[in-house]
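One structure below.
The values are calculated or read from the model by the stated rules, or taken from the named source; none is laboratory data. Not measured: the values here are computed from a predicted model. As a convention, Cβ positions derive from the backbone with ideal geometry for all residues, glycine included, and neighbour counts pool all protein chains shown.
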Amino acid sequence: MATAADYGLGPNVFPRGWFIVAESKELDQGPLAVRFFGQDMALYRGESGRPVLLDAYCAHMGTHLTDSNSAMIVKNGEQIEGDSIRCPYHGWRYNADGDVDDIPYHDGPCPKSASIRSYPVVDNMGCIMAWYDPDGRAPDYDPPHLPQWDDPQWVKWELDHLGEQNIHPQEILDNMADVRHLGPTHGAPSEYFENEFRDHVYIQRQGGPMQLYQTYLYTTTWYTGPGLLLSKQVFGDTVIFELIANTPVDDGVVRCWHACLYRGSASPATAEDREAARQAQAGALEAFSADFNIWQNKRPALKIMQLKTDGPFKVGRQWYSQFFKSPEDAANLQQELNGILHTQGMDKPSERGHNIDDGLPF
Ligand code: FES
Ligand SMILES: [Fe+2]
């Protein structure tokens, strides 16, 4: 298992940014115990509908707020009050900011030192997304949102939960520059290919003949920050947006999700569209699984032997490293990296009629 330091990332161990921490519908079953960024966390939905993510352990005696399901207060469904949550041991109540605002057997002000960390969270495209910054700084960009998510012609996704893997996310991010794996791994070799770096966004445009569906595939794929990949894919009459999300659990351990948003044949999308969407997501998952299977069994590529005709792995890794630095250092790095890179031996998108970028939110 390779760590951030092994890849030369740092000084922080975990990247700052927006990340998926759960699928929205998981919170309908009640509070969840989760672990990300080397921290145990408590995730729940308040009565207003607002999702809340807190560090897991109560300051009083260290009880996990959402991993003690046999306590009577939990069994009785009395743990959540408004957007606050009561500790199952002695009932101290934490609000959504992580401050204790009521202790059932104590008069007077609650101790400020009992506060625990609360993370910014949003409910976005069927996902609970959290902002992580090791020093608790506020978000400096918005999580990505596809306008198609709110369009009834598009069939909404349900997430494939790919679980925890002993893979450093760096190996997943390397895919963005990796033009030469698309033929051998996916049976869809690129004829054109480029990468663009735009501050916290990393874009890939590529296309070529796809073996699986015997058609030409055009894709524009982009990371918004270090954890959220979206990819517009057009082949024949089909248009999908693929989501691939990675969230660090511990240093060198990652949790991943996958999904596809599918354009139906009519508005609103029909039952046949929903079936086609399910199949399209399964097909995309199978293609992604080919990457995943390689990552699971490879040794970490702490250094890449990059040929001139490979994609720009090294610049891609520099881009990713910004999220392990202070915002000031990240801004300097962005200035250095911003721009378009072409890979030797590949056509440019304009030479192959790539015109699928209109309206993409980056
Ligand atoms: S341990 Fe949480 S209220 Fe006592
Ligand atoms: Fe891939």
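Output the qualifying pairs, or none if there are none: Cβ atoms under 7 angstrom, residues six or more apart or on different chains, first residue in region 98-115 and in contact (Cβ under 8 Å) with a residue 40 or more places away in the chain, second residue exposed (fewer than 15 other Cβ atoms within 10 Å of the Cβ).
Gly98/Arg117; Val100/Pro111
So for region 269-289 (the condition being more than 16 Å from ligand 2 (Cβ to nearest atom) and not in a helix (DSSP H, G or I)), does at least one residue qualify?
yes
Could you tell me which of the residues Asn95, Asn69 is within 16 Å of ligand 1 (Cβ to nearest atom), farther than 17 Å from Cys127 by Cβ, without any contact (Cβ under 8 Å) to a residue 12 or more places away in the chain and within 29 Å of the chain's Cα centre (by Cα)? Can you show your working first?
Details: Asn95 fails: without any contact (Cβ under 8 Å) to a residue 12 or more places away in the chain.
Checking each option against the conditions leaves just Asn69.
Say we look at region 166-179 and pick out the residues that are polar (S, T, N, Q) and within 15 Å of ligand 2 (Cβ to nearest atom); which of these is surrounded by the most Cβ atoms within 10 Å (Cβ to Cβ)?
Our first condition is that a residue be polar (S, T, N, Q); within region 166-179, this holds for 166, 170, 175.
If we keep only those that are within 15 Å of ligand 2 (Cβ to nearest atom) as well, we get 170, 175.
Numbers: Gln170: 25, Asn175: 20.
Across region 166-179, the extreme among qualifying residues is Gln170.
Given the condition in contact with a helix residue (DSSP H, G or I) (Cβ under 7 Å, 6 or more places away or on another chain), farther than 17 Å from Ala33 by Cα and more than 16 Å from ligand 2 (Cβ to nearest atom), answer yes or no: does some residue in region 82-91 qualify? Please lay out each step first, then the result.
Going through region 82-91, the residues in contact with a helix residue (DSSP H, G or I) (Cβ under 7 Å, 6 or more places away or on another chain) turn out to be 86, 88, 91.
Pick out the ones that are also farther than 17 Å from Ala33 by Cα and you get 91.
Filter once more, keeping what is more than 16 Å from ligand 2 (Cβ to nearest atom): 91.
Checked region 82-91: at least one residue is in contact with a helix residue (DSSP H, G or I) (Cβ under 7 Å, 6 or more places away or on another chain), farther than 17 Å from Ala33 by Cα and more than 16 Å from ligand 2 (Cβ to nearest atom).
Quick one: how many residues across region 22-66 are aromatic (Phe, Trp, Tyr) and within 16 Å of ligand 1 (Cβ to nearest atom)?
Number satisfying all stated conditions: 2.
Please specify each residue of region 180-202 satisfying the condition of being within 16 Å of ligand 2 (Cβ to nearest atom) and either in a loop (DSSP other than H, G, I, E, B) or more than 17 Å from Tyr320 (Cβ to Cβ) (or both).
Result: Arg180, His181, Leu182, Gly183, Pro184, Thr185, His186, Gly187, Ala188, Pro189, Ser190, Phe193.
Please give the number of the condition Phe362 fails out of (1) under 17 Å from Arg198 (Cα atoms); (2) surrounded by 14 or more Cβ atoms within 10 Å (Cβ to Cβ); (3) at pLDDT 95 or above.
(3)
Is it the case that Pro300 is assigned to a loop (DSSP other than H, G, I, E, B), surrounded by fewer than 18 Cβ atoms within 10 Å (Cβ to Cβ) and touching a Leu at 6+ places or on another chain (Cβ under 8 Å)? Step through it out loud before you land on a result.
On the way: assigned to a loop (DSSP other than H, G, I, E, B): yes; surrounded by fewer than 18 Cβ atoms within 10 Å (Cβ to Cβ): yes; touching a Leu at 6+ places or on another chain (Cβ under 8 Å): no.
Taking the combined requirement at face value, the residue does not satisfy it.
Condition first: of a type outside the set (Asp, Glu) and exposed (fewer than 15 other Cβ atoms within 10 Å of the Cβ). Now tell me which residues in region 129-144 satisfy that.
Initial filter on region 129-144 (of a type outside the set (Asp, Glu)): 129-132, 134, 136-139, 141, 143-144.
Within region 129-144, Gly136, Arg137, Ala138, Tyr141 meet the criteria.
Would you confirm whether any residue within region 335-356 is within 16 Å of ligand 2 (Cβ to nearest atom) and assigned to a helix (DSSP H, G or I)?
Checking region 335-356: not a single residue is within 16 Å of ligand 2 (Cβ to nearest atom) and assigned to a helix (DSSP H, G or I).
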